[in-house]
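Down below is the structure, laid out as structure tokens.
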Amino acid sequence: MLRRTLALAAVIVTALLLQSTVFTQVKLLGVRPELLYVVTILMAILEGPSEGAIVGFAGGMAQDFLLDQPKGITALTLTLLGYTVGLARQYIVSPSPLLPTALVAVGTFAGVIFNEIVSFLLGQSDDPLLYSVRVAFLTAVYCAILTPLVYPVLRRIFEGSRPKRVVRF
């Protein structure tokens, strides 16, 4: 259990550091990727809704505090996103390797739109609707491009940290 918690913390910190240093400079049509969205969605795919919600909340709060954003908006968005994708994954039966990429694209688009709506309602953002949809679409494309690179790494990390089942007679 401790090993799993440490692995989860390391993944979140690494994603935050990469997002706040490397990926602020690497932009696709003026938009940067949201690595915590990718990590949250992939964890929800791999581990289920409760793990996705926990990763989303921890990553969202860490991002809010690190990037000096209004506290709780990203945490709320990622928590709901992780839980929803985890629930949806339970009902999707497909061995397709493109499934994680599609779920990351759709989830990121929905998450960015939700984040913009909540920010607008709380008076933190006044971006036009068309601009917000454009940013959400481009962010979803960027995150979908990164998914084939991130998914195998996360799967390997968390398959190795699962507790072994022991059968006792």
Every residue in the range 111-139 that is touching a helix residue (DSSP H, G or I) at 6+ places or on another chain (Cβ under 7 Å), in contact (Cβ under 8 Å) with a residue 60 or more places away in the chain and not β-branched (Val, Ile, Thr), please. Gly111
Would you tally the residues in the range 11-46 being part of a helix (DSSP H, G or I) and open to solvent by 50 Å² or more (accessible area, probe 1.4 Å)? 4
State whether one or more residues within the range 137-149 are within 15 Å of Ile41 (Cβ to Cβ), among the β-branched types (Val, Ile, Thr) and touching a strand residue (DSSP E or B) at 6+ places or on another chain (Cβ under 6 Å). yes
Have a look at Thr101, Thr139, Thr84, Thr74 and point out the one that is in contact with a Ser or Thr (Cβ under 9 Å, 6 or more places away or on another chain) and under 27 Å from Arg4 (Cβ atoms). Thr101
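Could we say that Phe137 is part of a helix (DSSP H, G or I), modelled with pLDDT of 90 or more, under 18 Å from Leu36 (Cα atoms) and open to solvent by 100 Å² or more (accessible area, probe 1.4 Å) here? Explain how you work it out, then say what you get.
Values: part of a helix (DSSP H, G or I): yes; modelled with pLDDT of 90 or more: yes; under 18 Å from Leu36 (Cα atoms): yes; open to solvent by 100 Å² or more (accessible area, probe 1.4 Å): yes.
The answer is yes for Phe137.
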Which of (1) part of a loop (DSSP other than H, G, I, E, B); (2) open to solvent by less than 80 Å² (accessible area, probe 1.4 Å); (3) more than 23 Å from Ile157 (Cβ to Cβ) does Asp64 not meet, given it meets every other one? (1)
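Considering only residues of the range 79-93 that are closer than 16 Å to Tyr151 by Cα and either charged (D, E, K, R) or out of contact with any Leu (no Cβ under 7 Å at 6 or more places or on another chain) (or both), which is surrounded by the most Cβ atoms within 10 Å (Cβ to Cβ)?
So, considering only residues that are closer than 16 Å to Tyr151 by Cα and either charged (D, E, K, R) or out of contact with any Leu (no Cβ under 7 Å at 6 or more places or on another chain) (or both), the one surrounded by the most Cβ atoms within 10 Å (Cβ to Cβ) is Gly82.
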Take the residues in the range 94-134 that are more than 19 Å from Ile73 (Cα to Cα), in a helix (DSSP H, G or I) and open to solvent by 40 Å² or more (accessible area, probe 1.4 Å); name whichever of them is modelled with the highest pLDDT. Val106
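The values are calculated or read from the model by the stated rules, or taken from the named source; none is laboratory data. Just so it is clear, the model here is predicted, and its values are computed rather than measured. We place every Cβ from the backbone using ideal geometry, glycine too, and count neighbours over all the protein chains shown. Heads up: the accessible areas ignore ligands, DNA and RNA and are worked out on the full protein's heavy atoms, side chains in. Shrake-Rupley method; radii C 1.70, N 1.55, O 1.52, S 1.80 Å.
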